[in-house]
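A short write-up of the structure that comes next.
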Amino acid sequence: PEALIAWAPDAGTLTRAFHTHARQRLARYPHNPPRERRVHFNTWEACAFDFDEARLMRLAEDAAMLGAERFVLDDGWFKGRSSDRAGLGDWTPDPVRFPSGLGPLIAHVKALGMDFGLWVEPEMVSPDSDLYRAHPDWCLNEPGLPRPTERNQLVLDFTRPEVGDHIHACIAKLLRENDIAYLKWDHNRRLFPLPASGAHPGRLEMMWHQLRAEFPATMIESCSSGGGRIDMGILGRIERFWPSDNNDAIERVRIMREWSRFLPLEVLGNHVGPSPNPITGRRVAMDFRAKVAVFGHMGVEADPARMTDKERECLAAHIGLYKEWRGVLHAGDLHHLVHPDPHITAMIVKREGKALALVAQTAFSPVFDAAPVRLAGLDPEALYRVTLPEPWPPRARHYLANPEVWREGLTLSGTALMTQGLALPLTHPETAWLIALEKIA
């Protein structure tokens with residue numbers, strides 16, 4: 001026991017070991033090396049079920065203006081799906097919303113310089129659907145007993161080969177007939193009653209494996225009401241996880257901090273949501289929302305038309321920063337930083353002489369002069385050029401001493417940065433800073 005205690009690594013070492021393992025799993029499949037994480041624009045929080053082809057085309061134009069690289073059409077695109085009460089199982093474009101299929105929208109998205117993604121929930125079926133009417137016995141059920149719905153839906157029984165064959169054929173047809181770079185594969189209901197063989201997850205993983213073999217260019221996200229189906233074992237077949245349906249940036253600081261203890265930032269979707277947030281009701285400034293979203297696989301899930309000009313400008317600037325730094329964030333070593341204020345969360349990612357840190361204050365500080373932020377993972381003998389990438393947080397920037405010096409860059413040693421740290425204005429809640437470092441000697 002004493003030898004084991006002496007050997008036991010610290011939490012940060014374990015985190016980086018988990019990240020190495022996850023990246024090795026990602027690299028096992030045909031897209032080796034892992035693909036660049038393109039900026040998402042997801043339609044759900046922008047319009048939910050309230051859209052037609054024309055509105056989506058306008059939304060795509062707004063997304064492209066922000067710098068989005070992938071346009072993901074969420075729930076509501078398929079036959080009969082005007083609410084959450086119908087349509088699951090009928091995986092063909094709704095003829096009312098898309099009289100010519102998805103082709104015109106996809107062509108418009110591609111012309112804007114983005115690729116196209118699509119939401120599916122293939123394991124589910126609505127009682128009000130052609131699939132259920134044709135095959136009511138295909139859902140999980142206890143013979144002779146009522147079939148309780150949850151979220152107005154039932155679960156398909158994938159232990160039946162004909163069910164898996166049918167769903168595979170539907171998704172494969174969608175991918176063959178449309179230029180779809182990404183599938184958001186959702187799962188929004190508990191499995192009950194359980195299948196007799198308990199084989200549902202294994203059958204599903206086989207389907208993912210088959211689809212990846214047939215359509216290696218298509219990335220698949222595992223989503224399950226946010227965080228409900230995250231599994232290290234499926235990385236590679238699945239390349240992205242959705243940590244939570246809660247896009248409130250205050251909550252996301254905590255959520256991303258904890259998930260990133262086990263999974264690297266590139267597999268964790270992290271979106272800029274609307275304000276007020278539809279789940280918490282909280283209003284959060286765009287600067288804070290955008291900085292938090294940079295640390296992950298960045299996306300946007302809000303209607304640009306409802307943003308002010310300044311908010312759009314701020315968001316576009318942070319999307320630019322994400323593109324500049326994702327090569328570091330998605331391949332570097334992550335260190336979670338320790339700060340005496342429990343409401344300050346900080347992390348830094350370092351790769352090949354460059355590093356980017358996020359420092360986020362979520363509550364009002366009990367003192368005006370917050371304790372310095374001590375960095376980690378640097379070369380103690382090296383010198384670093386330290387800058388604060390703009391835009392800066394609107395309120396806190398007024399308390400920043402010598403702003404021009406921060407723009408031009410300070411030269412500090414790795415030892416100083418790790419032992420003495422940086423004093424930043426962190427008094428107000430919803431204040432976040434990015435810190436950029438470049439090794440110069």
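General observations
- For Gly299, the amide hydrogen comes within under 5 Å of the amide hydrogens of His40, Asn270, His271, Val272, counting only partners 5 or more places away or on other chains and with H modelled in the peptide plane.
- Here's the picture: charge each Lys and Arg Cβ at +1 and each Asp and Glu Cβ at -1 in segment 374-441, and of Pro393, Pro429, Leu417 the one pushed furthest to the positive end of that dipole is Pro429.
- Between Glu313 and Ala423, the FRET efficiency estimated from the beta carbon spacing at R0 = 22 angstrom works out to 0.20.
- Glu408 accessible area, assembled protein chains, probe 1.4 Å, Å²: 130 Å²
- With respect to the chain, whose longest principal axis is taken over its alpha-carbon atoms, helix 161-177 is tilted by about 70°.
- Evaluated at q = 0.19, 0.20 Å⁻¹, a Debye calculation over the C-alpha positions of segment 1-113 (equal weights, vacuum) places log10 I(q)/I(0) at -1.00, -1.04.
- Separation in nanometres of the label points that stand 7 Å from Cα toward Cβ, at Arg282 and Ala382: 3.4 nm
- Contour excess over end-to-end distance, with Cα ends at Ser225 and Arg133 and 0.36 nm allotted per residue: 30.5 nm
- With the cut-off at under 13 Å, measuring from each backbone N in segment 46-69 to a point 7 Å along the Cα-to-Cβ line of Ser100 picks out 53-54.
- With the simple model of a label 7 Å out from the Cα in the direction of the Cβ, Ser83 to Asp165 spans 3.7 nm.
- Global form of segment 6-45, assessed from the alpha-carbon gyration tensor, a/c cut-off 1.5: oblate
- Length gained when the stretch Arg374-Asn32 is fully extended (0.36 nm per residue, less Cα-Cα span): 119.6 nm
- Cα-projected label distance for Thr149 with His336, points at 7 Å along beta-carbon direction, nm: 4.1 nm
- When peptides 258-266, 25-33, 226-234 are ranked by their average number of other Cβ atoms within 10 Å per residue, the highest-first order is 258-266, 226-234, 25-33.
- Candidates Arg203, Arg283, Arg133: whichever shows maximal mean-square fluctuation once the chain is modelled as a Gaussian network with Cα springs under 10 Å: Arg133
- On a per residue basis, the chain carries 42 Å² of accessible surface, using protein heavy atoms and a 1.4 Å probe.
- Think of it as helices only: each DSSP H run of n ≥ 4 in the chain is worth -39500 (n - 2.57), and spread over all residues that comes to -9500 deg cm²/dmol at 222 nm.
- The slack between Arg58 and Ala305, meaning 0.36 nm per residue of separation minus the straight C-alpha distance, is 88.0 nm.
- The H on the amide N of Cys139, modeled in the peptide plane, is under 5 Å from the matching H of Asp157, each at least 5 residues off or on a different chain.
- For segment 59-107 and segment 202-238, distance of Cα centres in Å: 21 Å
- Entry note, segment 137-287: relative contact order of 17 percent, from Cα contacts under 8 Å with a spacing of 6+ residues.
- Answer label for Kirkwood radius over Cα pairs in Å (calculated), chosen among (1) 23.3; (2) 27.6; (3) 24.8: (1)
- Of all accessible heavy-atom area on the chain, the percent that carbon and sulfur account for (1.4 Å): 55 percent
The values are calculated or read from the model by the stated rules, or taken from the named source; none is laboratory data. Note that this is a predicted model, so its numbers are computed, not measured. So basically every Cβ, Gly included, is an ideal-geometry build from the backbone, and we count neighbours across all protein chains shown. Just so you know, the surface numbers come from the protein's heavy atoms only, side chains and all, with ligands and any DNA or RNA stripped out. Shrake-Rupley method; radii C 1.70, N 1.55, O 1.52, S 1.80 Å.
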